[in-house]
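**Student:** Below: one structure in structure tokens.
The values are calculated or read from the model by the stated rules, or taken from the named source; none is laboratory data. Note that the structure is a prediction, hence the values are computed from the model and not measured. We place every Cβ from the backbone using ideal geometry, glycine too, and count neighbours over all the protein chains shown.
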Amino acid sequence: MDLVVETERYPKEGETIIGGKFEQIPGGKGANQALAAAKLGDEVEFIGACGNDSFAPKLKSSLKNGGAKIDNIFEVKGISTGVAVITVDPAGNNRIIVSPGANYELDLEKIKKIKDKIIGAEIILLQLEIPVKTIARIIEIASANNTKIILDPAPAQKLSDHILAKVDYLLPNEGELDLLLS
């Protein structure tokens, strides 16, 4: 869930300021990408994890209403659904802090349960809001089955050459590309 607050300026270290408009917007890179693909008319199945909190039903509903299948969203008890705290200035610049929550519970055991979905996919679109070892396993399965692999390397982090070599399409922004090439 994206927790978005508008601000005239960003606070200085140790400072508290009054913000403007606040919104809770269903989001997450993976969910946003799934919805975009579904709106283009593609058959989309979202694989992910959420907590058993008040955000989960809203996010699932957003995906389902947008045309994505949600049968493979694992609900994890005792952990929050992933959130992004986003501040936006008047020029539209943003600063984002992601708290992965249940996203980081999308582990290898859960991937084993939905392996057939990965094998049967024509294209798999990934981003880095789930554990890198999970990404590596999904890429391994997809690559072995000639599934096209698209990776949005965000939030930015270093990735092994082993992972990058199997990606068909890499979609970094400028900052992510700098990190990948460093």
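**Student:** Whether any residue in the stretch 161-182 is buried (at least 19 other Cβ atoms within 10 Å of the Cβ), closer than 28 Å to Val85 by Cα, hydrophobic (A, V, I, L, M, F, W, C) and free of Cβ contacts under 8 Å to residues at least 60 places away in the same chain is what I want to check.
**Tutor:** no
**Student:** For Leu126, state whether it is touching a strand residue (DSSP E or B) at 6+ places or on another chain (Cβ under 9 Å) and more than 24 Å from Gln157 (Cα to Cα).
**Tutor:** No.
**Student:** Now for a separate question. I'm checking my understanding of the structure. Among residues of the stretch 158-177 that are outside any helix (DSSP H, G or I) and not aliphatic (A, V, I, L, M), which one is farthest from Ala144 (Cα to Cα)?
**Tutor:** Step by step, filter the stretch 158-177, then rank; the result is Asn173.
**Student:** Still on this structure: Tell me which residues, restricted to the stretch 127-157, are assigned to a loop (DSSP other than H, G, I, E, B) and farther than 19 Å from Gly30 by Cα.
**Tutor:** Asn145, Asn146
**Student:** Among the listed residues Glu105, Glu122, Glu109, which satisfies the condition of being surrounded by fewer than 16 Cβ atoms within 10 Å (Cβ to Cβ), closer than 30 Å to Lys166 by Cβ, of a type outside the set (Phe, Trp, Tyr) and touching a residue at least 12 places away in the same chain (Cβ under 8 Å)?
**Tutor:** Just one listed residue meets the conditions, Glu122.
**Student:** Can you tell me which residue among Val4, Val85, Val98 is part of a strand (DSSP E or B), outside the structural domain of Pro131 (by TED's automatic domain parsing), modelled with pLDDT under 95 and surrounded by 13 or more Cβ atoms within 10 Å (Cβ to Cβ)?
**Tutor:** Every option except Val98 fails the conditions.
**Student:** Specify which of the listed residues (Leu59, Leu63) is in contact with a Ser or Thr (Cβ under 7 Å, 6 or more places away or on another chain), assigned to a helix (DSSP H, G or I) and either closer than 23 Å to Glu43 by Cβ or at pLDDT below 95 (or both).
**Tutor:** So the residue among Leu59, Leu63 that is in contact with a Ser or Thr (Cβ under 7 Å, 6 or more places away or on another chain), assigned to a helix (DSSP H, G or I) and either closer than 23 Å to Glu43 by Cβ or at pLDDT below 95 (or both) is Leu59.
**Student:** Under 6 Å between Cβ atoms, at least 6 apart or on separate chains: pull out the pairs that start in the stretch 51-77 with a residue that is among the hydroxyl-bearing types (Ser, Thr, Tyr) and end on any residue that is surrounded by 18 or more Cβ atoms within 10 Å (Cβ to Cβ).
**Tutor:** Final answer for the pair search is Ser62/Pro26.
**Student:** Here's another thing I want to ask about it. For Lys39, which of the numbered conditions (1) touching a residue at least 40 places away in the same chain (Cβ under 8 Å); (2) surrounded by fewer than 16 Cβ atoms within 10 Å (Cβ to Cβ) fails to hold?
**Tutor:** (1)
**Student:** So which residues in the stretch 2-48 are in contact with a Gly (Cβ under 8 Å, 6 or more places away or on another chain) and either aromatic (Phe, Trp, Tyr) or closer than 28 Å to Lys115 by Cβ (or both)?
**Tutor:** Gly28, Gly30, Ala31, Ala34, Leu35, Ala38, Lys39, Val44, Phe46, Gly48
**Student:** Answer yes or no as to whether Gly78 is outside the structural domain of Ile124 (by TED's automatic domain parsing) and assigned to a loop (DSSP other than H, G, I, E, B).
**Tutor:** Answer is yes for this residue.
**Student:** Report yes if Ile17 is surrounded by fewer than 16 Cβ atoms within 10 Å (Cβ to Cβ) and not aromatic (Phe, Trp, Tyr), otherwise no.
**Tutor:** yes
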